[in-house]
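These notes concern the structure reproduced below.
The values are calculated or read from the model by the stated rules, or taken from the named source; none is laboratory data. Note that the structure is predicted; figures quoted are calculated from it, not measured. When we count neighbours, we look across all protein chains shown, and the Cβ atoms used for this are built from the backbone with ideal geometry, even at glycine.
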Amino acid sequence: MIVGEQKPFDEVWEMVKSHKQLTVFGCNTCVAVCHQGGNKEAEILASLLKMRATKEGVDIEIVDGGIERQCEHPFFESAKELLEDTEAVLSLACGIGVQFMAQKYKKTPIYPALNTTFLGDVQEDGYFTEKCQACGDCVLGVTGGVCPVTRCCKRLFNGPCGGSSDGKCEISKDIDCAWQLVIDRLKAMGKLDDYEKLTPIKDWSKDRAGGPRSFKLEGF
Amino acid sequence: MEIKTKSRLEKVLKNGHMAVSSECGPPRSSDPAHIIEKGHLIKNHVDCINITDNQTSVTRLCSLAACIHLKQEGLEPVLQMVVRDRNRIALQSDILGAASHGIHSMLCLSGDHQRFGDSPEGQNVFDIDSMQLLQTVRYMRDEGKFLGGDAIKVPPNMFVGAAANPFADPFEIRVPRLAKKIAAGAEFIQTQCVYNLDKFELWMKGVVERGLHEKVFIMPGITPMRSVGMAKYMARAVPGMDVPKELIDRLSGVPKDKQSEEGITIAVEAMERLKECTGVAGFHIMAIEWEEKVPEMVERAGFYPRPEFD
Ligand code: SF4
Ligand code: SF4
């Protein structure tokens, strides 16, 4: 899923405070799982903004709402009127949702309430970790199911580097060395000999390096 | 053994001599005087001088320019190249540039993460890794081609090396990792600073068992300790560095003003012991900002004078 974190409240306030009317709009899928951008969070953020407006004597009408997903047209049906009549939107979706709305509502300012941080998993309640950078050419099949692009700080395809120490990465004792994990997995699967196979130079044209990517299904 | 390049290091090694290399870091300035001066201090005592590439991710005068300065002074530089800051276009371009200036040896590295340097907010590149850089240089040299497949009219004439850290984890893949670097094209290896001689010899035993020492020239890294403080710092703060407690105790046992002298003696003793170790082909002395001590170390370890060639 996509993980995001709410921007500092002051930054959000600075973005929106010049408007007369604002809709604070949640996205109830990925970013709701990490309790940052769901419809409930939209409601809370809206009340915090109202309090701030009162405190600063700023006249701004704030409403809140939300849908299941801000990255697909059909979900917008239920919020049609709310969004068509609003002066500005503070979206709690990831960067995809914010852009989707900006494309949909051509003249409406859409502000991001979140910093979209990564594609990750839920390790435990309230703990999310990055796992994929959507490089477009997945190598997990040869790295024991551990992503070197995302989890090795130098994205080495033939690691580990000389800084790997006690299973931790050279950049921080809080980060597992991805290549230690690769080797542990290869060993557990009885495939440690595979470690000596050289991984060839990567084709980054399928990554962001090749420009914005898209993909179209035939017959739709 | 067939000599493939014009590298002096290759000549020394393939003629059966123990090679001695050293290392200098370029200045954080546009004035090259300091690195030229350091080069001259050690030139008669070493076969070649590695020039570091923005080591510890601190921005400095570039390795290539510093190598050219040394070359113009008649010294023998080894171009260090990290994959952190340049993509494959820039790397290949710099390799050609180096060769065009008569620089014939290089060391392929991944590079320290930028978090440690003066630009922690910078982007890193890591388009290819250090193994793939080895492959790239060898491909350019041996096949006469760019990675993209086009022919190189005059291919770069480079003797290619890599680093190895016998002390990083996990230990069990440290020998396989060397084998992998050899398969990728490494012709010589300069290792991380060796303080734990037992562990180094254990690693070498594994290397020799697989016959890898016959495929690559291995030069253990030697860095003299200047003080017990430095030893403690390296033990504590440098990832992948193995400084045994006995070494720290030995330095603590001598008065402060004698510690640097003791550090040199420890380094000389390490060289004397390791030169007997099967598979050791020379030494790489990294006397970080203490270049003036290199001649003494080389002489005391019995590596002076250096071989001469016409
Ligand atoms: S290899 Fe690429 S696609 Fe696969 S997990 Fe890593 S970044 Fe994602
Ligand atoms: S320590 Fe491990 S994760 Fe960190 S950069 Fe080196 S190989 Fe990658």
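What to note about this one:
- Total residues in the range A:158-183 satisfying the condition of being modelled with pLDDT of 95 or more, more than 7 Å from ligand 2 (Cβ to nearest atom) and buried (at least 21 other Cβ atoms within 10 Å of the Cβ): the figure is 3.
- Residues of the range A:161-209 that turn out to be under 24 Å from residue B:112 (Cβ atoms) and at the interface with chain B (Cβ under 7 Å from one of its Cβ atoms), as a count: 15
- Per-region count, the range A:172-182, residues out of contact with any strand residue (DSSP E or B) (no Cβ under 6 Å at 6 or more places or on another chain) and without any contact (Cβ under 8 Å) to a residue 24 or more places away in the chain: 4
- In this entry, residue B:238 is excluded by the filter for residues that are in contact with a Phe, Trp or Tyr (Cβ under 7 Å, 6 or more places away or on another chain) and aliphatic (A, V, I, L, M).
- Verdict on residue A:81 being in the same structural domain as residue A:114 (by TED's automatic domain parsing) and assigned to a helix (DSSP H, G or I): yes
- Being away from ligand 1 (no atom under 14 Å from the Cβ) and modelled with pLDDT of 95 or more holds for only one residue in A:150, A:116, and it is A:116.
- Residue B:86 vs. criteria within 20 Å of residue B:184 (Cβ to Cβ) and either more than 16 Å from ligand 2 (Cβ to nearest atom) or more than 13 Å from chain A (Cβ to nearest Cβ) (or both): yes
- Single residue of the range B:145-171 satisfying the filter (closer than 28 Å to residue B:11 by Cβ and among the aromatic types (Phe, Trp, Tyr)) that is nearest to the other protein chains (Cβ to nearest Cβ): B:146
- The range A:184-220 - residue that is more than 16 Å from ligand 2 (Cβ to nearest atom) and touching a Leu at 6+ places or on another chain (Cβ under 8 Å) and, of those, nearest to residue A:168 (Cα to Cα): A:192
- Residues that are under 20 Å from residue B:277 (Cα atoms), surrounded by fewer than 18 Cβ atoms within 10 Å (Cβ to Cβ) and at the interface with chain A (Cβ under 10 Å from one of its Cβ atoms), drawn from the range B:173-209: B:176
- Members of the range B:1-56 found to be within 17 Å of residue B:73 (Cα to Cα) and among the β-branched types (Val, Ile, Thr), listed by number: B:35, B:36, B:42, B:46, B:49, B:51
- Tally, over the range A:153-162, of residues that are within 12 Å of ligand 1 (Cβ to nearest atom) and within 20 Å of the chain's Cα centre (by Cα): 1
- Condition met for residue B:63 (within 23 Å of residue B:220 (Cα to Cα), away from chain A (no Cβ under 14 Å), surrounded by 17 or more Cβ atoms within 10 Å (Cβ to Cβ) and touching a residue at least 60 places away in the same chain (Cβ under 8 Å)): no
- Within the range A:56-78, if we keep just the residues that are in a loop (DSSP other than H, G, I, E, B) and among the β-branched types (Val, Ile, Thr), the residue that is surrounded by the most Cβ atoms within 10 Å (Cβ to Cβ) turns out to be A:60.
- Which numbered condition residue A:144 misses (of (1) out of contact with any helix residue (DSSP H, G or I) (no Cβ under 6 Å at 6 or more places or on another chain); (2) small (Gly, Ala, Ser); (3) more than 10 Å from ligand 2 (Cβ to nearest atom)): (1)
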